[in-house]
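Some notes on the structure that comes next.
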Amino acid sequence: MTTTTGDERTAGAADGAAKRPPGATPSATAAAPGAAPGAATGPARARRSHVPADGTPTAAAVEQAQKEMLHEARIRHRTRIGADVVCEALIRQGVDVFFSYPGGVILPLYDVLGDYPELRHILVRHEQGGAHAADGYARVTGKVGVCMGTSGPGATNLVTGIGTALLDSIPIVAITGNVPSALIGKDAFQEIDINGITLPMTKHNYLVRNADDLPRVIAEAFHIARTGRPGPVHIDITKDALQQETSAPHPTEEEVVAGLPGFRPTFDGHPRQLRLAAREIARAKRPMILAGHGVLHARAWDELRAFAEKTQMPVAHTLLGIGAIDETHPLSYGYMGMHGWKHVNRAIQSADLLFAIGMRFDDRVTGNVRTYAPYARIIHVDIDPAEIGKNVAVEVPIVGDAKRVLEALLPIVEPVDPAERAGYFEQLAEWRRESEASSWHGSGAWRDGLLSADYVVQRIGELTNHEATYVADVGQNQMWLARYTGFRHPNSHVSSGGLGTMGFSVPAAMGAALGRPDRETWAITGDGGFQMTFQELMTLVQDHIPVRIALFDNKKLGMIRQWQEIVYAGNYHSAHLLGPDFAKLAEAFGIPAWKASRPDQVDEAIRAAQAVDGPALIWFEIAEEQNVFPMMPAGKGLSDLIETWGGADE
Amino acid sequence: MSADPSTNGQVPGQAPGQAPGVAPAPAHAAPPARAIPGSGQVHRHVLVAIVLNKPGVLNRVASLMRARNFNIESLAVSHTDEPDVSRMTITLYGDDVAVEQAAKQLYRLIDVLKVQDVTAEPTVEHELALVKVRAGERRRGEVIKLVEMYRGRIVDVAADSVIVEAVGTEAEVDALIALLRSFGIKELVRTGSVVMSRGSGSIQEAIRR
């Protein structure tokens, strides 16, 4: 995406002093040659056209902007310009690292970046990787992640990452450059209506044409991204705004809030609704807590545990709710949904009360809504009122922040003696024993001694002492990771749940590793997802980011193959995937790699990768036809799980 | 029905399942199906949205309605007496839960200040239509008489046509247009409904508080 070379920088430096912000006053030199392109038609023949008439200020501004685009002259008047405002604002927001890729119109920012050593810039290999990295960073730190790109292709490459952040409610701020404002709408080089593209897939977005607006816009963007239900915010900044001189001050947080009268999230649950909830909980005999991502966003894990203990309600979690409760806690019941544990889904189907908090009854969680939890009354706590009643009708809606609602509920719910629930717990324990014994390969071998994926995931969990950050890709590897790793800590699991973005794990792990350098970071990926974004391996090397990659190679698009086997009568079109020699590939990047094809090679490879100071890769050749069970076929309900297919030892 | 988030929303749909505290029914008794939100009785709703007058706000509202699969029947936008505030009147079809969901989704837009479903409230609801009707010298009198009965106006006269301006509720405008059809309609434009609650209450004042 780069359009400039170093030569131009030096060439422009000489006359840098004479430069002034473009668009401020169209200079005579800009207007004079402007007559040249119009000469063919001649000013006399006035024609209706989108081209501004020669000699007008608009024509001069267009001319000036085109010259700026072509010559990329270096601007070195160290007065404060828009690009400085961006850097200052990032520092004020506590940003220490961001992920970006340069290009023509965002170069004014790169021109001043060197003056802000507090900001660590990671040069990604593709903007999508930058967006996922910002996402991974945000997920493990709870802070706002930042990614940037240039206009046009740079901006569109960010889009998949922004969509991933939207569907999982991740606070990121994506900044793009755009062509000079006078060229907007003229189909200029690398111009695309990125604001129109990101509009339906951000929490909010901005187009900034004036540097004076930048302090307010960036402060608003960070506030919106992290407040209430988090989400991505996109800021598009024209090149001239980045170059324009400005003395606009940065607003205080109070000023930001006052400037957003339409953005007032509700944090505290309504007292009447809280009392109703407490009453429902007191009456329930077979209650279940459904904990989602909102618990992690609100950092409400301690409150959740205290609440579960006081009310003696078992806690099931969604895919993104992993880590909301320590899986070894006696009240933790496990992962629900399409590939969740059978005992969890069974318990939901027989529950008389569901206390759903920070989750949104996604179709992967409910299956067919008509048959979902048929005996249950539902209390639904969410900070986004639009989530309540969207997918499932509920009895007690509570709009509020998970932490604040739990804090308010704790003193008003009646304590329950575990003995009162003895029968219920016994039933749950029995179901659990039954379901955990199936579809698990403790020996490490699937059929014919081939390496079983669930075993590998489990060993990664155990050998890292369950203390690492585990970043999933999408597909079978994601489900194995969710089911068999054994999660103990909040925000230790990173996964693209909503959008299901293949290629997510390696770049997201890059951001996660930078966000939590105190923990080991493992990217768990399949051979399909890995081949989508492995160019970021070089970023890991260049910036020395210690991500351990566990590559599950079944030489297949595993989840596609599984669906084709079970739903499409074994019509395996495009399920077979050719891959390179992944060890040689890693070696070419300068990354040490190990290969494990048998159960007895697994531990050694994991330990070797752990010992590396920097990125490492393990190539696990797993059984090619292993499925993730149980599985809920599309359109079916939680009671219709498929547990075996074909062989007896699935 | 207001979808103000501070009221914690409201209970949509009816209670599925049975009273709490009852053990699951035996397997042979099929449990009642859970209602799917939005599958109820469809009827016409009128929403009033007060929004910040910022570039792109109409695009945001229209984009949201499209993306969330809500079917807008009409959408009228204009300034208010406050220069930075615009007002939208949106008419759409759906069941109560679906329309409440539309209102809640509108609230998620940063530039939206207030959304109110005024369907069940006493309101004044009007729209304006301009209808170019075929009317030569012979039939012009007939058209004029009809238009007067509906308290419309003739705003332009040409040799073989007139432009009729009709103001009223959607149903009144519909009725006049139906009658004019027999003369032959050359051209028709309608603004879509604008609506205001009766009485002294003010949605704009409610925001300022």
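Between A:197, A:126, A:153, the Cα set farthest toward the positive side of the dipole of chain A (charges on each charged residue's Cβ, about the Cα centre) is that of A:197. Of the residues B:166, A:242, A:446, the one whose Cα sits farthest towards the positive end of the charge dipole of the protein assembly as shown is B:166 (charges of +1 on Lys and Arg Cβ, -1 on Asp and Glu Cβ, taken about the Cα centre).
Roughly how crowded by other chains is peptide A:375-388, in terms of the mean Cβ count from those chains within 10 Å of each of its Cβ atoms? Before the final figure, lay out each step's value.
Details: counts 11, 6, 6, 4, 0, 1, 0, 1, 1, 5, 14, 13, 3, 10.
Mean partner-chain Cβ count within 10 Å for A:375-388: 5.
Centroid-to-centroid, using Cα positions, segment A:460-477 and segment A:240-271 are 38 Å apart. Counting only DSSP H runs of at least 4 residues, each contributing -39500 (n - 2.57), and dividing by the residue count of chain A, the helix-based mean residue ellipticity at 222 nm comes to -10500 deg cm²/dmol. As a length-normalised measure over Cα pairs under 8 Å and 6 or more apart, the relative contact order of chain B settles at 22 percent. Taking Lys and Arg as +1 and Asp and Glu as -1, the other residues whose beta-carbon sits under 12 Å from that of residue A:141 total +3. Is the shape of the protein assembly as shown best called rounded, prolate or oblate, per the rule: a/c under 1.5 gives rounded, else a/b larger than b/c gives prolate, else oblate, with a ≥ b ≥ c the square roots of the Cα gyration tensor eigenvalues? Because a/c hits 1.5 or more and a/b fails to exceed b/c, the protein assembly as shown counts as oblate. In segment B:123-194, Cα pairs under 8 Å separated by at least six residues give a relative contact order of 49 percent.
Between helix B:96-108 and chain B there is an angle of about 90 degrees, using the helix long axis and the longest principal axis of the Cα atoms. Take each residue in A:197-204, count the other chain C-beta atoms within 10 Å of its C-beta, and the mean is 3.
Just report the Cα centroid separation between segment B:65-136 and segment A:508-583, whole Å. So the two Cα centres are separated by 47 Å. Could you list, in their original order, any pairs among A:186/B:186; A:239/B:54; B:145/B:186 whose Cα atoms are separated by more than 29 Å? Table pairs above 29 Å Cα-Cα are A:186/B:186.
Rg/Rh for chain B (Cα atoms only, Rh after Kirkwood) is 1.12.
Calculate how steeply helix A:57-71 sits against the longest principal axis of the alpha-carbon atoms of chain A, using the helix alpha-carbon long axis, and give the answer as 0 to 90 degrees to the nearest 10. Roughly 70 degrees between the two axes. Of all DSSP bridge pairs formed entirely within chain A, close to 5 percent run antiparallel. Below 8 Å between Cα atoms, with a sequence gap of 6+, how large is the relative contact order for segment A:536-650 in percent? Over segment A:536-650, the number comes to 32 percent.
Between the exposed loop cleavage positions of chain A, defined as trypsin sites (Lys or Arg not before Pro) in a non-H, G, I, E, B DSSP state with at most 11 neighbouring beta-carbon atoms within 10 angstrom, the longest gap is A:79-650.
Read-outs throughout are calculated quantities, based only on the coordinates presented, and are distinct from any laboratory measurement. None of these values were measured; they are calculated from a predicted model. When we count neighbours, we look across all protein chains shown, and the Cβ atoms used for this are built from the backbone with ideal geometry, even at glycine.
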